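Chemist: Below is the structure I would like to discuss, written out as structure tokens.
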Amino acid sequence: MALSFDGSDDSLTHSGAIFSGATDDYNFSLSAWVKPAERHAGSIIGADAGSGNAGRFQLFSTGSGRFSLRRSAGYIYSGDQYANDNTDWFHVLGTLQYGTRALYVNGVSVATQTSDISLDPTAGTTFYIGSDHSGSFWNGVIAEAAAYSVYLPAGDIASLAAGFSPALVRPDKLIGYWPLGGGHFPATVNPIGSTSLSVNSSPSAADHPRIIYPTLPLAIMAASQSRVASIMLQHNQYAGGVI
């Protein structure tokens, strides 16, 4: 099951910076599957300091139904709009480094920007799913949220958009991975580290998108300290495969 956010007060948060890097030397990516309930201004996943823009970066949607990638005070956004009565899942991903930013929807690049933008990842001292510090709440479903410490190339992004779990796509660069209920994981568990999330209000369970997870034999064969093994061992009821 995924999580449905009501657009009013539902969110998940983690207190503390999970990203690192210098203001002119950073590389990271944000990824999630989303099913917006309507066109609205709402935040999907990201971080900020609660004030100012130095550590503000996030994926969100605009009031006109365009997906967007924020970096500091500005943003880039998709040209296409999702329907106001949407029932479709979208894979949305933003990847950022000092000189380049790119936004992908369903594995396709929809907006890019090439300019030097100073951004302080360590200033993003609160991490959010479903909201941000200004109360821009998401209205719809979110699943398979992930944060990476790498500027993901197009091939990896295509794999995520094809339904492969983040556990199978550059797991060595995962900062955090929150299935939000997929594959038997409790909704707030980050199976690769300590950044589990606090629940604000009460997002409800919803149908999960079809995702390809690592199978149990793969986890057994993986080295004991690998990210795949860690993910697989987090829940002893996990059966693997596609759901």
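Chemist: Of the numbered conditions (1) within 14 Å of residue 139 (Cβ to Cβ); (2) within 16 Å of the chain's Cα centre (by Cα); (3) not aromatic (Phe, Trp, Tyr), residue 27 satisfies every one except a single condition; which is it?
Modeler: So the condition that residue 27 fails would be (1).
Chemist: Could I ask something else about it? I need a count of the residues in the stretch 30-54 that are over 13 Å from the mean Cα position of the chain (by Cα), buried (at least 19 other Cβ atoms within 10 Å of the Cβ) and within 18 Å of residue 96 (Cα to Cα).
Modeler: 1
Chemist: Another one. Can you name every residue in the stretch 14-27 that is in a strand (DSSP E or B) and surrounded by fewer than 17 Cβ atoms within 10 Å (Cβ to Cβ)? Let's see the steps before the verdict.
Modeler: Taking the stretch 14-27 and keeping what is in a strand (DSSP E or B), we get 14-15, 22, 25, 27.
Of everything in the stretch 14-27, those that are in a strand (DSSP E or B) and surrounded by fewer than 17 Cβ atoms within 10 Å (Cβ to Cβ) turn out to be 15, 22, 25.
Chemist: Without any contact (Cβ under 8 Å) to a residue 60 or more places away in the chain, assigned to a strand (DSSP E or B) and under 22 Å from residue 207 (Cα atoms): which single residue out of 59, 30, 69 fits that description?
Modeler: So the residue among 59, 30, 69 that is without any contact (Cβ under 8 Å) to a residue 60 or more places away in the chain, assigned to a strand (DSSP E or B) and under 22 Å from residue 207 (Cα atoms) is 59.
Chemist: Among the residues that make up the stretch 42-54, is at least one of them at pLDDT 95 or above, part of a loop (DSSP other than H, G, I, E, B) and either touching a strand residue (DSSP E or B) at 6+ places or on another chain (Cβ under 6 Å) or farther than 24 Å from residue 201 by Cα (or both)?
Modeler: no
Chemist: If the requirement is being out of contact with any Leu (no Cβ under 8 Å at 6 or more places or on another chain) and either of a type in the set (A, V, I, L, M) or closer than 30 Å to residue 196 by Cβ (or both), which of these qualifies: 146, 83?
Modeler: Unique residue meeting the criteria: 83.
Chemist: Please state which of the following conditions residue 161 fails to meet, knowing it meets all the rest: (1) out of contact with any His (no Cβ under 7 Å at 6 or more places or on another chain); (2) surrounded by fewer than 21 Cβ atoms within 10 Å (Cβ to Cβ); (3) among the aliphatic types (A, V, I, L, M).
Modeler: (1)
Chemist: So, residue 151, is that one in contact (Cβ under 8 Å) with a residue 12 or more places away in the chain, part of a strand (DSSP E or B) and not basic (Lys, Arg) or not?
Modeler: Taking the combined requirement at face value, the residue does not satisfy it.
Chemist: Which ones in the stretch 91-110 are touching a Gly at 6+ places or on another chain (Cβ under 9 Å), within 18 Å of residue 46 (Cα to Cα) and of a type in the set (A, V, I, L, M, F, W, C)?
Modeler: Within the stretch 91-110, 93, 102, 103 qualify.
Chemist: What about residue 149, is it at pLDDT 60 or above, of a type in the set (Gly, Ala, Ser) and surrounded by fewer than 16 Cβ atoms within 10 Å (Cβ to Cβ)?
Modeler: Answer is no for this residue.
Chemist: Just to be sure I understand the filter: pairs with C-beta atoms under 8 Å, separated by 6 or more residues or on different chains, first member in the stretch 204-215 and more than 16 Å from residue 161 (Cα to Cα) and crowded, with 17+ Cβ neighbours inside 10 Å, second member modelled with pLDDT of 90 or more and basic (Lys, Arg). Which pairs pass?
Modeler: Once the first residue is more than 16 Å from residue 161 (Cα to Cα) and crowded, with 17+ Cβ neighbours inside 10 Å and sits in the stretch 204-215, its partners that are modelled with pLDDT of 90 or more and basic (Lys, Arg) give 206/35.
Chemist: Restricted to the stretch 175-201, and to residues that are out of contact with any Pro (no Cβ under 6 Å at 6 or more places or on another chain) and of a type in the set (A, V, I, L, M, F, W, C), which residue is modelled with the lowest pLDDT?
Modeler: Looking at the filtered set, the residue picked out is 187.
The values are calculated or read from the model by the stated rules, or taken from the named source; none is laboratory data. Here the structure is a predicted model, which means the values were calculated and not measured. Note that each Cβ is placed from the backbone with ideal geometry, even for glycine, and that neighbours are counted across all protein chains shown.
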